[in-house]
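Presented below is the structure to which this report refers.
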Amino acid sequence: MFASYKPRLKKKNSVYAIFLLSYIAILILTLSSAFIYYAEINQRITKQTELSTVTLLNQMKIRIEDDLFYIKELSNEIVFNKKLDLAAKGATDSNTELMKDMASKRKPRELLFDYFVYMSARDEIITPNIQMDAEKFFHLMYEFTDLDYATFAEEYLHGNHFQEYMPIQKMNQYESNTIEVLPYIQSFPMTTSSRPSGQVIFLIDAHNMFTLVNQMHQVTNSDIYILDENNRIIISSDNAPALDMQKVDLTVNGSNTRHEIINKVVSDKNGWIYISSTPKSLYFQENTKYFMNFIIIFLVYLVGGLFIVRFLARRSYKPLKEINDLIKSHAKTPADSQNEYENIKNTLLSQIKNGKELNEVIEKQVPIVRRDYLLNLIRGMMADYDKAALQLSSIGIHFTSDTFLIGALEIDMDSSFFMDHANLSEKSLSLTRVVVENVGCELMSEYFICYFLDAGRNQSIYLLNPQEDSDPAEAIKMAKQQADALIQFASRHYRLNLNFGISNPHSELINLQNCYDEAKKAMEYSRLRDVDESVCFGDLGDLHFDYYYSMETEYQLADLLKRGQYVGAKEFLNTIFEINTSKNIGVGAAKLLLYEIASTLLKVMNFFLLSRNEEPVSNKQIVEQMIQNSSIDVARRRFIDMIDKIAELSENRVISKTEKLVNRIADYIDENAGEHWLDLNQLSQKFEVTPQYISNVFKKYKHENVKDYIAKHKLGKAKILLVSTNFPVREIALQLGYANEVGITRLFKKYEGMTPGDYRQKCRNDANEAYRKEP
């Protein structure tokens, strides 16, 4: 009894002992190594602190100088702009063109507050938005609190300035808000040595610069200074003491003085100097504190670690024991070994061996999954073709190029092969499928990557993918050659008649449905011919009757609508129109296409009407109204509108966040376009998205350009004012936000083909004519 118990205890304890000793070794090694590397870590922390400070200085330098460099580049663009020269000389409409140019060149920048141009000849200020007398601009728009206008004009508006930064000034904005700005001045023309034609003045947001400096001050506990190329202090952090310039001149990064460590970074773009001054007491205080903390933590971890080691050893051993007990309880035969590792190892080996049967079952299902997925692709029953390539790769389907052909094959059930048998059995039909699959794939594989798909009782599909550098015409030639060889082989050896149609080559997976449609049509034409050879769709001539709208396509469109995916339904509808437009179909085929699409949409609409216990609408009357006298584009818009009506009927209507945003933008334009100046930049600021994003989503959901949408609202307001008032055209233009009548004149010429004055006169003439005709 004792002899049988002792080995089991020894085995059990050996596994537990491994865990316990391993954890103790890790603990001792970790804690002892901490002492060995403490001195090096301490030194590295000090060095890292210095490096971090320099890195932060560089980051602050880059952020500031990038904006200053942009301001310099923008200044040069304006100074060398011919429109500025024309405006300075007083050319007609030059101020308007200059303002537009200034507005178009500006990009959002953190430090750029605003900029304007001073024209000395006319003593006026021009901004991207307004044109105003200089003194009036000073008092109404931007007034320096510490300067009167005379001093401002003398120091800022007159004299030659070459890329000159002026002292930071407090400024009243619009007689209310007080802000701090750093002025930057460039005289123009730049090459003149006499009195300049004017100044380009940029107002740099000093508040943002103060924020950057104080953020770094808070992070590093250092005093931060920014000096210009002449060692003049531009900005310093809060409560920073006076800076000893003699120390600065002798400083390199990490320089030590008696009480401080100074780091300096110099900009190679504008010569500005970025300085941090850190008290040495911070370093020593941190290091001493770190050492004491380390000793305390070491002792705590040493004592507590021993308890944790024992706990972890027990915890690690517990699941191992539970697994071993579970194996023993479910084992059909007793375990040969009492050691937990041996028992688990033997069980895993047994499971791996038994798992081969499951893998074989899975492998048998892979061809079925591939076939079903490819059939859905070919029949147009996929919702997202963008992810199709990745999904194909996951199931082991790979293509060498983005070009595809499809061969549609039909076995003639009146072939001699079947007529020789009294009963047409599934076995004989299966035999013919095996023949066309094996022989056909062997022939096609000489020139293509070939996938064979069973499409029905006596129909099959060959998905052909030529090499990447293959010529399309040569690919069709090779496909026809191999298809003809298959037809001859089946006829000669099995007395089978095959009808074979080949599509034109098409690019991208989304066009596989077009390939399939063409291949079926070519196969149907092959059925009418008595010659034993394949038919290429391209050989059928100009098929104006050929339009694409298969049963699968109709099903997918209806399914998207019934599931409430209206955006997807609109995109799918656009895809149908794009495919048919590329096919250059005739008028008759186009009418048939429109009739079928209208019928599909009407079926779905009636589906929702019936679900709401409402009377369905008449098919014939509504369909004829939708397609009567309609071009393709007009019909497409009517179908899109009908999808929106279907969405309103559906109880599962889901409006995306993007569409809600577009509706809010449209409502905002409706309310403000006739009374305020609106453009993409203002809409971008209002709704906190980029102008390009607004332009794209507005066009997608409203089917109209944002600028055109705004312009039409302004046009409507202008028409009302022209007809109902005697205001001059210039005054109406100002009410609509234009600087002068040029903008409103262009608006009327674009949409009405006449000037605003001509439109007013025409409306009055029409009114007088109508009045005379009244009895």
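Data overview
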| read-out | value |
| --- | --- |
| Accessible surface of region 40-168 [probe 1.4 Å, protein heavy atoms]: carbon and sulfur percent | 52 percent |
| 20 Å Cα-Cα threshold exceeded, pairs from K570/K657; K72/K136; K387/K699; K83/K717; K699/K719 | K72/K136; K387/K699; K83/K717; K699/K719 |
| Gyration tensor (alpha-carbon) shape descriptor, region 175-220, a/c threshold 1.5 | oblate |
| Region 697-759 - percent relative contact order, Cα under 8 Å, separation 6 or more | 20 percent |
| Cα→Cβ-extended label distance, 7 Å offset, between N160 and R232, nm | 1.8 nm |
| Cα lying deepest toward the dipole's positive end in region 125-169, options F137, I126, L147, charges on Cβ | I126 |
| Mean Cβ count within 10 Å, highest first, over the residues of peptides 48-54, 179-185 | 179-185, 48-54 |
| Cut-off under 5 Å, modelled amide H: who pairs with L112 long-range | D205 |
| Accessible-area composition of region 460-511, carbon plus sulfur, in percent [1.4 Å probe] | 46 percent |
| In order through region 438-455: 3J(HN,Hα) via Karplus (6.51 cos²θ - 1.76 cosθ + 1.60), integer Hz, x for Gly, Pro | 5, 5, x, 5, 5, 5, 5, 5, 5, 10, 9, 7, 10, 10, 9, 10, 7, 9 |
| Gain upon complete extension [K427, A17; 0.36 nm per residue less C-alpha separation] | 140.8 nm |
| Whole-Hz couplings from phi, Karplus 6.51/-1.76/1.60, listed for region 122-132; x for Gly and Pro | 10, 6, 9, 10, 10, 10, x, 10, 9, 9, 8 |
| Contour minus Cα-Cα distance for D148 and Q467 (0.36 nm per residue) | 107.0 nm |
| Cα pair distances of region 166-246 binned at 10 Å [whole percent] | 15, 35, 30, 15, 4 |
| Long-range HN-HN contacts of I235 with modeled amide H, under 5 Å | I226 |
| Region 149-240: relative contact order in percent, alpha carbon pairs under 8 Å with at least 6 residues between | 20 percent |
| Mean Cβ count within 10 Å, highest first, over the residues of peptides 553-560, 239-246, 111-118, 68-75 | 111-118, 553-560, 68-75, 239-246 |
| Nonlocal amide H pairs with H161, under 5 Å, H built at 1.01 Å | S187 |
| Extension gain, V742 back to V617 (0.36 nm per residue minus Cα-Cα distance, nm) | 39.9 nm |
| Derived scalar couplings ³J(HN,Hα) [region 157-171; Karplus, 6.51 cos²θ - 1.76 cosθ + 1.60; whole Hz; x for Gly, Pro] | 8, 10, x, 8, 10, 10, 6, 9, 9, 8, x, 5, 10, 7, 9 |
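The values are calculated or read from the model by the stated rules, or taken from the named source; none is laboratory data. The model shown is predicted, which means the values in this text are computed figures rather than measured ones. A quick note on method: Cβ atoms are made from the backbone with ideal geometry, for glycine too, and the neighbour counts reach across all protein chains shown. Each accessible area value is taken on the protein alone, full model and side chains, heavy atoms only, with ligands, DNA and RNA left out. Shrake-Rupley method; radii C 1.70, N 1.55, O 1.52, S 1.80 Å.
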